[in-house]
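**Q** Sharing a structure here in structure tokens format.
The values are calculated or read from the model by the stated rules, or taken from the named source; none is laboratory data. All values reported here derive from a predicted model rather than from experimental measurement. Here the Cβ positions follow ideal geometry from the backbone for every residue, glycine too, while neighbour counts run over all protein chains shown. For the accessible areas, the whole protein counts, side chains as well, though only heavy atoms, and no ligand, DNA or RNA atoms are used. Shrake-Rupley method; radii C 1.70, N 1.55, O 1.52, S 1.80 Å.
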Amino acid sequence: MIETVANIIGSTLEGELTTSEIASLLEKPKHQHLGDLAFPCFTLAKKFRQAPQQIAQSIAEKINHPFIEDVQVVGAYINFFVNQVVVTQQVLTDIVGKGDNYAQLEKNGQRVVIDFSSPNIAKPFSMGHLRSTVIGNALANIAQKNGYTTIRVNHLGDWGTQFGKLIVAYHMWGSKEAIDKAPIQELLKLYVKFHDEAEQNETLNADARAAFKALEDEDAEALALWEWFKNASLEEFKGIYEQLGITFDSFEGEAFYNDKMQAVVDELITKQLLTVSDGANVVELEHMPPCLITKQDGATLYATRDLAAAFYRQHHYTPEKIFYVVGNEQSLHFKQVFNVIDKMGYPWAKDLQHIPFGMILKDGKKMSTRKGRVILLKDVLDEAIQTAKQNILDKNPALPNLEEVAQQVGVGAVIFNDLKNFRLNDIEFSLEQMMNFEGETGPYVQYTVARISSLLEKAAFTPTNVVLKELEEQAWSTIVCLQDYPKALQEAYEQADPSIVAKYVLQLARAFNKYYGNTKILVEDAARESRLVLCYSVTTVLKDGLKLLGLQAPRNM
Ligand code: ARG
């Protein structure tokens, strides 16, 4: 609609403003009685050196187009009332014709790498990693919808001194059976025990350093243990990904860069960027602490691996952008890494983007292991699924595939709760709220889809060529919302903000439910088919939006 109106305005201006300039000036009036779009004439007033009111008047007089039903000049604004029948026909025909492909942009040949989830081996999958996982997944889906080819990378935390500690702890207190049974739980126990014991026994730390050194020198036994810990942890993580329905193109974690860091260090030396500070080799940076590259003993660090990873990805994938979906608390780390690459003289440093997010709070407080406020993801999902099951049973006790639907609704509720707020906001974890079928929740949107689906089933509706009859006035806000979908997706990508899509599906569901509450969809009159087309279009877009966010939409619930 914006595009079309911008073109119409443009045709009266003789090239004074481009269509996209006009489009960016167009506003949505606060009230529907002021029209569908408003065009402010202040910018043109400067260009033409005329009063904006006068310009508004003269443009309004020139407008004559079937798309526009009425124009009204109010002060410096021209208010446009579009022809609702024409717009409705256009939007619904587009959706019915394209189905799931509505708003799908053609492949633009550009790639984006999305580094997300990236949990640490031998440690529990935290709620922070859950946030990274669902935000990263949604972002990747949104990028694809915008025509990009995505490379989903899980930058596993599978290297570092903690593996030396684990190897020592395993030798002293570990048991193969226990680890095989519950790898992460058992490895975490060993890790904690190591720290407790090391407080009394200093030699343990030296042993751990030696064990890690052996690992770095590719000692066969150390490597075998590391590999085992890694695979066992990964097995558990994969269970979580399966439950969330999330996949990756690569699990190249930190260890993958072991043989790729020396080249970076060498280049830093050649470019005279490496300096010694407190015995470590660092790159000095302006307005922030230096970036640590190697320790005294030559050991590399988290940042060194991220540098090597950036170079690898840049050369391997030649991406348009690399997104790092990682919590807010690592902002400095990414600033440092990006700055180092910039100092090395690579212009693509500007294509690296940290996508930070806030914390998950419980009762308004940060979750903390020590204070017992920690929540395990597995328990969260299980509880959400149980609650979903109960809620569904109350509404629909005879639902045949209850388990499957409960899974989709429970997991969906958790994901949606995460994505509906701007990612930098902290989010409160309340199972009761996120499950509410009437609230701003995943289940609410899913329930809307299910209700429409059963309606369409009842009517035995199949989308064919749409010949529309005039719809009720009340349908208009739903139509406007439907045609806003492509714009919402574009904004969500540009701002790397999936909450735009989450808010969009809520808005569409709300608009439709309002209409639905006041309309007899199935009544046999001339507009019945048109109403069904509208219903079909709404489910199509809601399902697509949910899918982008990572939620499934059961047909029945
Ligand atoms: N494993 C890290 C952590 O849990 C996150 C890694 C994020 N990605 C990256 N390229 N640094 O804190």
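**Q** Could you list, in sequence order, all residues of the stretch 238-248 that are in a loop (DSSP other than H, G, I, E, B) and surrounded by fewer than 15 Cβ atoms within 10 Å (Cβ to Cβ)?
**A** Taking the stretch 238-248 first, the residues in a loop (DSSP other than H, G, I, E, B) are 245-248.
Matches in the stretch 238-248: THR247 only.
**Q** Which residues, taken from the stretch 257-296, are basic (Lys, Arg) and under 14 Å from LEU307 (Cβ atoms)?
**A** From the stretch 257-296, those basic (Lys, Arg) are 260, 271, 295; that's our starting set.
Listed by number, the residues that qualify are LYS260, LYS271.
**Q** Regarding ILE22, is this residue in contact (Cβ under 8 Å) with a residue 60 or more places away in the chain, out of contact with any Leu (no Cβ under 6 Å at 6 or more places or on another chain), among the β-branched types (Val, Ile, Thr) and surrounded by 13 or more Cβ atoms within 10 Å (Cβ to Cβ)?
**A** Working: in contact (Cβ under 8 Å) with a residue 60 or more places away in the chain: no; out of contact with any Leu (no Cβ under 6 Å at 6 or more places or on another chain): yes; among the β-branched types (Val, Ile, Thr): yes; surrounded by 13 or more Cβ atoms within 10 Å (Cβ to Cβ): yes.
The answer is no for ILE22.
**Q** Could I ask something else about it? Go through the stretch 293-327 and give me each residue that's more than 13 Å from the ligand (Cβ to nearest atom), closer than 16 Å to ARG152 by Cα and among the hydroxyl-bearing types (Ser, Thr, Tyr).
**A** Correct list: TYR317, THR318.
**Q** Suppose we keep only residues that are within 15 Å of the ligand (Cβ to nearest atom) and open to solvent by 40 Å² or more (accessible area, probe 1.4 Å) within the stretch 340-364. Which one would you say is nearest to THR150 (Cα to Cα)?
**A** GLN353
**Q** Looking at (1) outside any helix (DSSP H, G or I); (2) in contact with a Pro (Cβ under 9 Å, 6 or more places away or on another chain); (3) open to solvent by less than 30 Å² (accessible area, probe 1.4 Å), which is the only condition ALA492 fails?
**A** Every condition holds for ALA492 apart from (1).
**Q** Condition (residue is hydrophobic (A, V, I, L, M, F, W, C) and modelled with pLDDT of 95 or more) applied to the stretch 117-127: is it met by at least one residue?
**A** Quick first cut of the stretch 117-127, residues hydrophobic (A, V, I, L, M, F, W, C) only: 121-122, 125, 127.
Right, trim to modelled with pLDDT of 95 or more and you get none.
No; the residues of the stretch 117-127 include none that is hydrophobic (A, V, I, L, M, F, W, C) and modelled with pLDDT of 95 or more.
**Q** For the stretch 431-463, what are the residues that are open to solvent by 30 Å² or more (accessible area, probe 1.4 Å), assigned to a loop (DSSP other than H, G, I, E, B) and within 30 Å of LYS366 (Cβ to Cβ)?
**A** Within the stretch 431-463, ASN436, GLU438, GLU440 meet the criteria.
**Q** Scan GLU235, GLU252 and give me the residue that is surrounded by fewer than 20 Cβ atoms within 10 Å (Cβ to Cβ) and more than 16 Å from the ligand (Cβ to nearest atom). Don't jump to the end; show me each part of the working.
**A** Values: GLU252 fails: more than 16 Å from the ligand (Cβ to nearest atom).
Every option except GLU235 fails the conditions.
**Q** Additional query: Applying the selection to the stretch 264-273, what residues are surrounded by 13 or more Cβ atoms within 10 Å (Cβ to Cβ) and more than 13 Å from GLY298 (Cβ to Cβ)? Reasoning before the result, please.
**A** Our first condition is that a residue be surrounded by 13 or more Cβ atoms within 10 Å (Cβ to Cβ); within the stretch 264-273, this holds for 264-265, 267-268, 273.
Within the stretch 264-273, VAL264, GLU267, LEU268, LEU273 qualify.
**Q** Could you grab me the full set of residues in the stretch 396-442 that are touching a helix residue (DSSP H, G or I) at 6+ places or on another chain (Cβ under 7 Å) and of a type in the set (Ser, Thr, Tyr)?
**A** THR441
**Q** Determine which member of the set THR448, THR464 is of a type in the set (S, T, N, Q), touching a helix residue (DSSP H, G or I) at 6+ places or on another chain (Cβ under 6 Å) and within 19 Å of ASP100 (Cα to Cα).
**A** THR448 is the lone residue from the list that is of a type in the set (S, T, N, Q), touching a helix residue (DSSP H, G or I) at 6+ places or on another chain (Cβ under 6 Å) and within 19 Å of ASP100 (Cα to Cα).
**Q** Name every residue in the stretch 121-152 that is near the ligand (Cβ under 10 Å from one of its atoms) and of a type in the set (Ser, Thr, Tyr), in order of residue number.
**A** Within the stretch 121-152, SER126, SER132 meet the criteria.
**Q** Please work out which one of (1) of a type in the set (Ser, Thr, Tyr); (2) at pLDDT 95 or above; (3) closer than 18 Å to SER118 by Cβ is the condition THR300 fails and give its number.
**A** Of (1) of a type in the set (Ser, Thr, Tyr); (2) at pLDDT 95 or above; (3) closer than 18 Å to SER118 by Cβ, only one is false for THR300: (2).
**Q** Just need a number here: residues in the stretch 179-193 that are away from the ligand (no atom under 16 Å from the Cβ), in a helix (DSSP H, G or I) and either within 36 Å of the chain's Cα centre (by Cα) or at pLDDT 95 or above (or both).
**A** Qualifying residue count for the region: 9.
**Q** Then there's this: Quick one: PHE334 ticks every box in (1) hydrophobic (A, V, I, L, M, F, W, C); (2) more than 15 Å from the ligand (Cβ to nearest atom); (3) modelled with pLDDT of 95 or more except a single one, so which number is it?
**A** Here PHE334 meets the rest and fails (2).
**Q** Something else: ILE167 is checked against (1) under 34 Å from the mean Cα position of the chain (by Cα); (2) more than 16 Å from the ligand (Cβ to nearest atom) and fails just one. What number does that condition carry?
**A** (1)
**Q** On to the next question. Within the stretch 148-164, is even one residue in contact with a Lys or Arg (Cβ under 9 Å, 6 or more places away or on another chain), assigned to a helix (DSSP H, G or I) and open to solvent by 20 Å² or more (accessible area, probe 1.4 Å)?
**A** yes
**Q** Still on this structure: Out of all the residues in the stretch 34-45, is one or more assigned to a helix (DSSP H, G or I), modelled with pLDDT of 90 or more and farther than 19 Å from ALA76 by Cβ?
**A** Within the stretch 34-45, none of the residues are assigned to a helix (DSSP H, G or I), modelled with pLDDT of 90 or more and farther than 19 Å from ALA76 by Cβ.
**Q** Related question: Take the residues in the stretch 34-55 that are among the aliphatic types (A, V, I, L, M) and closer than 20 Å to PHE67 by Cα; name whichever of them is surrounded by the most Cβ atoms within 10 Å (Cβ to Cβ).
**A** LEU37
**Q** Quick check on SER118: is it within 12 Å of the ligand (Cβ to nearest atom), in a helix (DSSP H, G or I), among the hydroxyl-bearing types (Ser, Thr, Tyr) and open to solvent by less than 30 Å² (accessible area, probe 1.4 Å)? Show your work before the answer.
**A** Working: within 12 Å of the ligand (Cβ to nearest atom): yes; in a helix (DSSP H, G or I): no; among the hydroxyl-bearing types (Ser, Thr, Tyr): yes; open to solvent by less than 30 Å² (accessible area, probe 1.4 Å): yes.
When the stated conditions are applied, SER118 does not pass them.
**Q** Then there is this: Quick check, is LYS107 away from the ligand (no atom under 16 Å from the Cβ), farther than 30 Å from PHE357 by Cβ and either modelled with pLDDT of 95 or more or open to solvent by 10 Å² or more (accessible area, probe 1.4 Å) (or both)?
**A** no
**Q** Could you tell me how many of the residues in the stretch 11-33 are in a loop (DSSP other than H, G, I, E, B), more than 16 Å from VAL71 (Cβ to Cβ) and not basic (Lys, Arg)?
**A** 6
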